[in-house]
1. If G184 passes every condition in (1) among the small types (G, A, S); (2) in contact (Cβ under 8 Å) with a residue 40 or more places away in the chain; (3) in contact with a Leu (Cβ under 8 Å, 6 or more places away or on another chain) but one, which one does it miss?
2. Give the residues of region 106-154 that are assigned to a helix (DSSP H, G or I), among the aromatic types (F, W, Y) and open to solvent by 30 Å² or more (accessible area, probe 1.4 Å), sorted by residue number.
3. One residue is enough: does region 70-77 have a residue meeting the conditions part of a strand (DSSP E or B), of a type in the set (D, E, K, R) and open to solvent by less than 20 Å² (accessible area, probe 1.4 Å)?
4. Hey, could you check region 90-99 for residues that are assigned to a strand (DSSP E or B) and touching a Ser or Thr at 6+ places or on another chain (Cβ under 8 Å) and say which is surrounded by the most Cβ atoms within 10 Å (Cβ to Cβ)?
5. Working only within region 202-237, note down all residues that are in a loop (DSSP other than H, G, I, E, B), small (G, A, S) and in contact (Cβ under 8 Å) with a residue 40 or more places away in the chain.
6. Kindly check whether there is at least one residue in region 36-56 that is touching a residue at least 12 places away in the same chain (Cβ under 8 Å), more than 27 Å from P108 (Cβ to Cβ) and touching a strand residue (DSSP E or B) at 6+ places or on another chain (Cβ under 6 Å).
7. Look through A31, A9 and report the one residue that is more than 18 Å from the chain's Cα centre (by Cα), under 19 Å from S231 (Cβ atoms), among the small types (G, A, S) and open to solvent by 10 Å² or more (accessible area, probe 1.4 Å).
Amino acid sequence: MPKLMGQNAMQTHQTLHNFNFSAVDVKSLGASEYTLVTICQDTSSSVTDFKKGMEDTLKQILEACKKSPRSENLLLRLVEFNSDIGELHGFRELKSIVATEYDNILNPRGMTALYDGILSGTEAMEVYGKQLVAMDYRCNGVIFVITDGAENQSINKDPAEIKKAFGRVRTNETLESLQTVLIGVGTDPMVMQLLQDLQKAAGIDQFVDMGAATPAKLAKLAAFISKSISSTSQALGSGQASQPLTF
């Protein structure tokens, strides 16, 4: 586990399906509105070949978001999924996250619990979003799921459970809006088709077929995610989700 720096006043929570997550204590927040950002990163064994490139991409996303005029209104959480679900860091203000924390943060191993990864990320937003709203914060959210493989290890094997979680977040006065993006890495047409099938079955807003994890494509991915985060944050207060961007 990497050494995480700058974590102050973090609290632990549990979701409907018993996933644990951490988040900065709401009482320590200074703004009046927040966009919750979750990146669910595949760290199964097949990610080994582009581990370093993906870590650099995460750093680029972080640094780009820090330069955004809305940087003070973003709370970022990083989740990993392989044979299990793990939290690389909980919901934190960008200013508390140092880019060097992402050095060697990914440890590829095991299988691909894709469904559980998405479900855990969504349910954490549900729980934390409710807490924020209850304390009169205005908030919305965006989830990015990055994977080079299809589901083969989750406990929750029904995409309908993911769809239900999305519905709860959107209808139970949890978040003003929720945007969901599934990003497929690689060139295997069978995997990309399975991910497109998941998008439809789970009600994911957007599927991005990124292609091979080349340096150029990873840089493009970093720009796409950071711009999507900015767009989502700028839409806060409109009552609507931001419009999906083209990769």
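1. (2)
2. In the first step, residues of region 106-154 are kept if they are assigned to a helix (DSSP H, G or I); the result is 114-134.
Subsequent filtering for residues that are among the aromatic types (F, W, Y) retains 115, 128.
Y115 - this is the single residue of region 106-154 that is assigned to a helix (DSSP H, G or I), among the aromatic types (F, W, Y) and open to solvent by 30 Å² or more (accessible area, probe 1.4 Å).
3. Just the residues of region 70-77 that are part of a strand (DSSP E or B), to begin with: 74-77.
Those left that are additionally of a type in the set (D, E, K, R): 77.
With the extra rule that they be open to solvent by less than 20 Å² (accessible area, probe 1.4 Å), the set shrinks to 77.
Yes: region 70-77 contains one or more residues that are part of a strand (DSSP E or B), of a type in the set (D, E, K, R) and open to solvent by less than 20 Å² (accessible area, probe 1.4 Å).
4. Restricting attention to region 90-99, the residues satisfying the condition of being assigned to a strand (DSSP E or B) are 90-93.
Within this subset, residues satisfying the condition of being touching a Ser or Thr at 6+ places or on another chain (Cβ under 8 Å) are 90-91.
Numbers: G90: 23, F91: 26.
Applying the filter and picking the extreme gives F91.
5. Keep residues of region 202-237 that are in a loop (DSSP other than H, G, I, E, B), which gives 203-205, 212-214, 236-237.
Then keep just the ones that are small (G, A, S); that gives 203, 212-213, 237.
Hits for region 202-237 are G203, A213, G237.
6. Within region 36-56, the first condition is being touching a residue at least 12 places away in the same chain (Cβ under 8 Å), and the residues that meet it are 36-51, 53-56.
Subset that is more than 27 Å from P108 (Cβ to Cβ): none.
No, the conditions are met nowhere in region 36-56.
7. Values: A9 fails: under 19 Å from S231 (Cβ atoms).
Selected residue: A31, the only one of A31, A9 that is more than 18 Å from the chain's Cα centre (by Cα), under 19 Å from S231 (Cβ atoms), among the small types (G, A, S) and open to solvent by 10 Å² or more (accessible area, probe 1.4 Å).
One line per residue, one yes/no per condition, for (1) touching a helix residue (DSSP H, G or I) at 6+ places or on another chain (Cβ under 6 Å); (2) in a strand (DSSP E or B); (3) open to solvent by 10 Å² or more (accessible area, probe 1.4 Å):
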site	(1), (2), (3)
D49	no, no, yes
K52	no, no, yes
T57	yes, no, no
I61	yes, no, no
A64	yes, no, yes
S68	yes, no, yes
V79	yes, yes, no
G86	no, yes, yes
E101	no, no, no
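The values are calculated or read from the model by the stated rules, or taken from the named source; none is laboratory data. Bear in mind that the values here come from a model prediction, so they are computed numbers and not experimental data. Using ideal geometry, Cβ is built from the backbone for each residue, glycine included, and neighbour counts are taken over all protein chains shown. Note: accessible area is taken over every heavy atom of the protein model, side chains too, but ligands, DNA and RNA are not part of it. Shrake-Rupley method; radii C 1.70, N 1.55, O 1.52, S 1.80 Å.
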